[in-house]
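The values are calculated or read from the model by the stated rules, or taken from the named source; none is laboratory data. These numbers come from a predicted model, not from an experiment. As a convention, Cβ positions derive from the backbone with ideal geometry for all residues, glycine included, and neighbour counts pool all protein chains shown. Side chains are part of the model used for accessible areas, which takes the heavy atoms of the whole protein and leaves out ligands, DNA and RNA. Shrake-Rupley method; radii C 1.70, N 1.55, O 1.52, S 1.80 Å.
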Amino acid sequence: MMQPVQNDLPLPESRIERHSLHEAILNRLRDMIIEGHLPPGSRVNEGQVGAQLGVSRTPLREAIKFLASEGLVELVPLRGAVVKAFGAREVCDMLDVIRILEQNAGTRACEVATDDAIAQVRKLHDQMIDCYRRGNRLDYYKLNQAIHSAIVALAGNEALSDVHARLQMRLKRVRFIGHEGAEKWASAVAEHQDMIEALEARDAQRMSDVLGLHLTQAWIRVRDNLDQVGATG
């Protein structure tokens, strides 16, 4: 009689726990990079960071490799993991491409997005405004980026979304410093208000214009602070 095949795979619960640990470490490292606790050009000291997070080196290294695949860190021979530093020209060029992608996506979103999908973007916007009023920069920033990604997703173009996501990931620290200072932050919020109103009105031309202005202003808001992202001329 044929014997039943033995399944030696770990139980689903253990896989979920491991995945959750990986995500937790990954998210914390990203936040440390975004907020400048791990500055551009600095080496990620595995012992020090591991002790700070209370994790061993194995899951920490897995998270670092993932961040390298996203373009947030570089794996440098003899130095280990180093937080990626972009040149000013690189930052300007990437923001320019994001502007073109988002204008294209925003125009298309006004034409094809469902009312429910637009309502979901409105919810993100309202949550972001609440963070702004409370002065919560990190959560504001994360919702801000989620809104941009959601608008791009509304266009229904997977290739566009993929390229956009890669550039967004690389510019996390850069976009975060764009909200430093009350005046810059208030300007970004006002642009987002115009953005959601254009989307809800399905005004494709206005949406394109607002996104174009917003991404042009994004470069203006960060260019004087590029020393905080390790950028050079």
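Values computed for the structure shown
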{"item": "In region 45-75, residue least open to solvent (accessible area, probe 1.4 Å) [restricted to those that are touching a strand residue (DSSP E or B) at 6+ places or on another chain (Cβ under 8 Å) and over 20 Å from Gly87 (Cα atoms)]", "result": "Ile64"}
{"item": "Which numbered condition Phe86 misses (of (1) touching a strand residue (DSSP E or B) at 6+ places or on another chain (Cβ under 8 Å); (2) outside any helix (DSSP H, G or I))", "result": "(1)"}
{"item": "Test: residue in region 135-142 that is among the aliphatic types (A, V, I, L, M) and open to solvent by 40 Å² or more (accessible area, probe 1.4 Å)", "result": "no"}
{"item": "Number of the condition not met by Gly106 [criteria: (1) surrounded by fewer than 19 Cβ atoms within 10 Å (Cβ to Cβ); (2) out of contact with any Gly (no Cβ under 7 Å at 6 or more places or on another chain)]", "result": "(1)"}
{"item": "Of the criteria (1) of a type in the set (D, E, K, R); (2) over 24 Å from Leu171 (Cβ atoms); (3) modelled with pLDDT of 90 or more, which one Arg18 fails", "result": "(3)"}
{"item": "Exclusive hit being assigned to a helix (DSSP H, G or I), in contact with a strand residue (DSSP E or B) (Cβ under 9 Å, 6 or more places away or on another chain) and of a type outside the set (A, V, I, L, M, F, W, C), set Arg173, Arg166, Arg206", "result": "Arg173"}
{"item": "Unmet criterion (only one of (1) open to solvent by 20 Å² or more (accessible area, probe 1.4 Å); (2) under 11 Å from the mean Cα position of the chain (by Cα); (3) not hydrophobic (A, V, I, L, M, F, W, C)) for Asp162", "result": "(2)"}
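Residue-wise test of (1) more than 17 Å from the chain's Cα centre (by Cα); (2) modelled with pLDDT under 95; (3) of a type in the set (A, V, I, L, M, F, W, C).
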{"site": "Ser149", "(1), (2), (3)": "no, no, no"}
{"site": "Leu154", "(1), (2), (3)": "yes, no, yes"}
{"site": "Phe176", "(1), (2), (3)": "no, yes, yes"}
{"site": "Ala190", "(1), (2), (3)": "yes, no, yes"}
{"site": "Asp194", "(1), (2), (3)": "yes, no, no"}
{"site": "Gln205", "(1), (2), (3)": "yes, no, no"}
{"site": "Asp209", "(1), (2), (3)": "yes, no, no"}
{"site": "Gln217", "(1), (2), (3)": "yes, yes, no"}
{"site": "Asp224", "(1), (2), (3)": "yes, yes, no"}
